[in-house]
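Novice: Structure below; questions to follow.
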Amino acid sequence: MATALLTSITPGLAPRLPSLLPMDKYRGAVVEDLQLPPAFSLPSHESISRAIQLAYDRDFSHIPVLNIDRRPLGYVDVAALKDKWEAGIAQPNDSVVKYMTKFNRKASEPYTLITPDTPLADLAEFLRDNLFALVTDYDRKFVLAVATSQDLDNFVSRRGISG
């Protein structure tokens, strides 16, 4: 139907349609359709021993770190943190803020808002350059979930969609 509509509007375009309009392998789905578990995050004062324990209990590899107002400051790479602990670089009672990767908040790198209504195609584009995405409310006051490329892959395989 879309091909017929495009052909009637712009004759000669239909044969080139696949190269002009990429297949939306997510079929219009949005972040909410991923059915992500609620976000797990750490306060900036949390100890690294507790952070590692909590991460392994929940099977998370990256955990957002929040300030006292619950605004995201950065994230902890759990495997890297564990390596530092085992190497004696980090002490069990050290604060996670000491070893977190800070989010880049420069005007030259604007914040990309990812909400439950963000199309999965947009999320996939964001994840090409980022390890994960924080899914927030529209006002960016609350971290609702964390989305990864693996979440997108799982969604595609659950739906039997080929891209």
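Novice: List the lysines whose alpha-carbon lies under 20 Å from that of Lys102, not counting same-chain residues fewer than 8 positions away?
Specialist: Lys82, Lys84, Lys141
Novice: For segment 48-145, how big is Rg over Rh, using alpha carbon atoms and the Kirkwood form of Rh? Before the final figure, lay out each step's value.
Specialist: Details: Rg = 14.6 Å, Rh = 14.7 Å.
Rg divided by Rh gives 0.99.
Novice: Ignoring ligands, DNA and RNA, please state the percent of accessible area on segment 18-163 from carbon and sulfur, probe 1.4 Å. List each step's numbers first, then the result.
Specialist: Details: 4580 of 9080 Å².
Here it works out to 50 percent.
Novice: Which of the lysines could be linked to Lys25 by a straight reach, that is with a Cα gap under 16 Å, when you skip same-chain ones fewer than 8 residues away?
Specialist: none
Novice: What's the local net charge at Asp69, with K and R +1, D and E -1, over the other residues with C-beta under 15 Å away? Working shown, then result.
Specialist: Details: positive: Arg70, Arg71, Arg105, Arg140, Lys141; negative: Asp137, Asp139.
Local charge sum for Asp69: +3.
The values are calculated or read from the model by the stated rules, or taken from the named source; none is laboratory data. Owing to the predicted nature of the structure, the values given are computational and were not obtained by experimental measurement. FYI the Cβ positions are ideal-geometry reconstructions off the backbone, even for glycines, and counts take in every protein chain you see. Please note that ligands, DNA and RNA were not included when accessible areas were found on the heavy atoms of the full protein model with its side chains. Shrake-Rupley method; radii C 1.70, N 1.55, O 1.52, S 1.80 Å.
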